[in-house]
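Here is the structure we will look at, set down as structure tokens.
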Amino acid sequence: MKKKILLLVVFVLFQYSTIYAQEMSVTGTVTDESGLPLPGVNIVVKGTSNGVQTDFDGNYKIEAVKGQVLVFSFVGLQTAEYVVSDDPILDVVLAPDAAELDAVVVTAFGIQREKNTLPYAAQQIDGEEVNQTKVGNVASGLSGKVSGLQITQGNAIGGSVNVVIRGAKSLTGNNQALFVVDGVPIDNSNTNSASQQTGGGGYDYGNAAADINPNDIETINVLKGAAASALYGSRAANGVVMITTKKGRRGLNISVNSAIIIGQIDKSTFVTYQKEYGAGRSDPYDRNGFLLSDVNGDGTEDLVVPTFAPRSWGPRYDNDLLVYHWDAFDPSSPNYQQPKPWVYPENGPESFYETSVSTNNSIIVDGGIADKGSVKFGYTRNDERGTVPNSQVLKNIISLSASYNIKENLVLSGMGNYSQIDGKGRYGTGYDGGRNINSVFRHFNETNVDIQEQRDAYFRTGRNITWNWADPTTPEGIRPAFYDNPYWVIYENYQDDQRNRIFGNVALNYKPTEWLELLGRVSVDNYNEFQQERRAVGSSGIASYSRFDRRFNETNYDFLATVNKELSEDFNLNALAGINLNTSTSSSDSYLSPLLYSKLVNSEEFSYNIIEEEIINLNGEKQTIREYLTSGKSSLSFNPLAFIRKYTIGLFLKNEITANNTG
């Protein structure tokens, strides 16, 4: 057997999140050949995920750079490409596409149909289109690619992506589309807290569809409307995103892809600070906006920055004025008991962020089995780093699929996908200064604080040496008032999570006649995950620890009979009959303990006592808890774990009969 080796060129992709000076707004109207405006046309900057859709009147506006290519696409019409020129107005006319109407698409339960025979709207795109920029979540790659598909996402690593087809159907319920991979319905639950989802604060753990490997996708077909998704029941009322993965081909084929993605914050959108005034609340305090205290013990009262005031409405900067900053009260600091000029610092909050370097590497090996079948193996490692230090989401995905022709009309096939996602240091979101660093930098901040000096203080001591002392003029006031050292937040008050998932199916396809096809299939989607959050001793607020565990399993049993018979030159019979039995179980445990790591501390004098304890964590592993106390007195207090367990078991039949048991 002749073997053909296909080796894809390894490429390196550099992506910068900065906006260049040449960027301009391109506007215009998209119409058909008769002059009617076309709503919902996708306009994408070629080679990027930057895309928009036309409004009801066919109008659009998109940011692009001169020389870039704009791609205009719409169902049933030819795709058009235009190069951005100096003219910011670009009107486009799209012509009909006869070939598009004759295309074969994958519909519910993986059934292939000619597009012009469907009684509902469906749009199919190639898998490479959603992975041009090596996205970590396949849903992100759909942005601007499908008409009527609304993609909403934040900028957090591994963050949630909302996929809504043709607008929201419910004001209070779920509006997410159902994801189906090779006939396997994929649970796309979002387990973020209610506070996080309403902007109150928390971590964005992403949605479960992130377990789908973008490198392994052959095609994506979006089914729109109730008729398109009727066979999947009420859970598909918001539409279905059908994903078909790559299959084995003749010969031996090896595909290798590698990408490097470099990210930076966009300083043009970062908060702009005034550089004339420092800490304070427009209050004179002891003298001219400063506190008075004999810091160096020479008998003369010195000017002290009001560190407890997280605002910058205080005294005007004066290079000739020497004052005592937050670091003058840190014995480990080279500026201990030393005054510094009252000036705007060299390193502002923008210096807190790093240049992130993420990598995406994958290999797919496939080939035929003696003309009787095929097999395919794939592995992808996606290491996503954030611009916030100590942030990472690591994905390892293994896929395997095979098919074998037992007889000419009898085919056995199967596929399996295993993924492990490890997250650490995900971004805090919402109005939450304890977890969301951005919230502090944009709202509660003192412009006189040098962020790199905060960094040095943390790594020098491992302690919460904050700029926000409660009262620097008293020993008991050397503690956080409201906000922690930002490096303490990301290295001590971080979260971590893990999800292990396996989904796949085994199918037997029998074709007794040319016009009748029988399919029996069993598919499984199973995963377990945990999320841990902590607030270390020494932080502002009460030290705490929490853990959330969730387990999910869904099994589908399908039997389908498909008829495709040509009755005459003018009539063709296309029918489907079958049954689907669906069972799903889910359970979750929540561990809550505000005082698990807490100590009740009575401060009498400033000191550097270090206390270490060895405890057994919830995984049965030994952990050493290290604390830096500001006093010699302490008493240990533990609260029992608050324990919550929930179970949901459901049985779903074709006529939507459900039986649920919650305990």
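The values are calculated or read from the model by the stated rules, or taken from the named source; none is laboratory data. As the structure is a prediction and not an experimental result, all values here were calculated from the model. As a convention, Cβ positions derive from the backbone with ideal geometry for all residues, glycine included, and neighbour counts pool all protein chains shown. To get the accessible areas, we keep the full protein, side chains included, count just its heavy atoms, and leave off ligands, DNA and RNA. Shrake-Rupley method; radii C 1.70, N 1.55, O 1.52, S 1.80 Å.
Charges at C-beta only: +1 for Lys and Arg, -1 for Asp and Glu. How large is the resulting dipole of the range 309-394 about its Cα centre, in Debye rounded to 20?
Here the size comes out at about 300 debye.
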Roll a 1.4 Å probe over the protein heavy atoms and report the accessible area of VAL65 in Å², nearest 10. 30
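Over all directions, the average projected area of the alpha-carbon convex hull for the range 233-298 comes to how many nm²?
On the way: hull surface 63.8 nm².
Answer in nm², one decimal: 15.9.
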Two-decimal log10 I(q)/I(0) for the range 316-433, as the Debye equation yields it once each C-alpha is a single scatterer, q = 0.15, 0.17, 0.19, 0.22 Å⁻¹: -0.90, -0.98, -1.05, -1.17
Would you kindly derive the ³J(HN,Hα) couplings of the range 151-166 from the backbone phi angles with the Karplus curve 6.51 cos²θ - 1.76 cosθ + 1.60 (θ = phi - 60°), listing them in order in whole Hz, with x for Gly and Pro? 10, 10, 8, x, 10, 6, 5, x, x, 5, 10, 8, 10, 10, 9, 6
Apportionment of accessible area to carbon and sulfur, the range 382-451, percent (1.4 Å): 53
Would you kindly derive the ³J(HN,Hα) couplings of the range 549-560 from the backbone phi angles with the Karplus curve 6.51 cos²θ - 1.76 cosθ + 1.60 (θ = phi - 60°), listing them in order in whole Hz, with x for Gly and Pro? 10, 9, 10, 9, 8, 9, 10, 10, 10, 10, 9, 10
Positive-end extreme of charge dipole, the range 211-369 - chosen from SER332, PHE352, THR245 (charges on Cβ): THR245
Probe 1.4 Å, all protein chains in place: accessible area of VAL375 in Å², nearest 10? 60
Just by accessible area at a 1.4 angstrom probe, what is the order of ILE186, ILE542, ILE502 from largest to smallest? ILE542, ILE502, ILE186
Mean projected area (nm²) from the convex hull of Cα positions in the range 172-320 is 18.5
For ILE369 and ILE262, compute 0.36 nm times the residue count separating them, minus their Cα-Cα distance, and round to one decimal in nm. 34.4 nm
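Charges only on Cβ, +1 for Lys and Arg, -1 for Asp and Glu: so what's the dipole of the range 31-103 about the Cα centre, in debye to the nearest 20? Walk me through the intermediate numbers first.
Numbers: 3 positive and 12 negative charges, 62 e Å.
Roughly 300 debye, rounded to the nearest 20.
For SER195, SER34, give the ranking by accessible area with the largest first, probe 1.4 Å. Let's see the in-between values first.
Values: SER195 55, SER34 90 Å².
My answer, sorted largest first, is SER34, SER195.
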Cα Rg, Dmax, the range 434-540, angstrom units: 26.8, 91
Nearest-10 value in Å² for the accessible area of LEU400, using the 1.4 Å probe: 100
Residue by residue through the range 63-73, the couplings from Karplus 6.51 cos²θ - 1.76 cosθ + 1.60 with θ = phi - 60°, in Hz, x for Gly and Pro, are 8, 8, 10, 3, x, 6, 10, 9, 10, 10, 9
Decide, for the range 161-244, between rounded, prolate and oblate: order the square roots of the alpha carbon gyration tensor eigenvalues as a ≥ b ≥ c, take rounded if a/c falls under 1.5, and otherwise choose prolate if a/b is larger than b/c, else oblate. oblate
Tell me the carbon and sulfur percent of the accessible area for the range 281-354, rounded to whole percent, probe radius 1.4 Å. 43
